[in-house]
Amino acid sequence: MNDNASPARTDLQRLLRSAARAKDETPIDMPFGFDTRVIALARRNGNGGVAFGMLLRRVALAAATVIVLACAGAYVESRNSEAVDVFGNEFAIADSAIQDEFLK
């Protein structure tokens, strides 16, 4: 080791040496048949699949509602002629900001 090395550098070197000596561990697998037991338990208790299906339908309905509202808003904004003019001029955004400041 170098005596002039900073404490952070020696800590980093120590950590890297420890990491190099560590053995690769295999990930822990799910016990055999665990998924089958969970599904069997849900079916035995009843209505587990129905409740999940209802939740999935509600989430899909909420997502579809958000999509429809976003599309309607985009359509309304695209029909606004003032907004089309703003995108046609490269200085329009800065000009709009300046006008907003003077109108306050």
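Odds and ends about this structure:
- The conditions of being open to solvent by 90 Å² or more (accessible area, probe 1.4 Å) and farther than 30 Å from Ala92 by Cα are met by Glu25.
- All positions within region 28-40 that are open to solvent by less than 100 Å² (accessible area, probe 1.4 Å) and either in a helix (DSSP H, G or I) or at negative phi (or both): Pro31, Phe34, Asp35, Thr36, Val38, Ile39, Ala40
- Test for Ala5: is it at pLDDT below 80, outside any helix (DSSP H, G or I) and open to solvent by less than 70 Å² (accessible area, probe 1.4 Å): yes
- Pair list, Cβ under 9 Å, 6 or more apart: region 49-72 residue assigned to a helix (DSSP H, G or I), other residue open to solvent by 100 Å² or more (accessible area, probe 1.4 Å): Gly49/Arg43
- Residue satisfying all of: in region 55-91; of a type in the set (A, V, I, L, M) and at pLDDT below 80; least open to solvent (accessible area, probe 1.4 Å) among these: Ala83
The values are calculated or read from the model by the stated rules, or taken from the named source; none is laboratory data. Treat the numbers as computed from the prediction; the structure is a model and nothing was measured. Neighbour counts are summed over all protein chains in view; Cβ atoms, including those assigned to glycine, are modelled from backbone coordinates with ideal geometry. Accessible surface areas use protein heavy atoms only, side chains included; no ligands, DNA or RNA. Shrake-Rupley method; radii C 1.70, N 1.55, O 1.52, S 1.80 Å.
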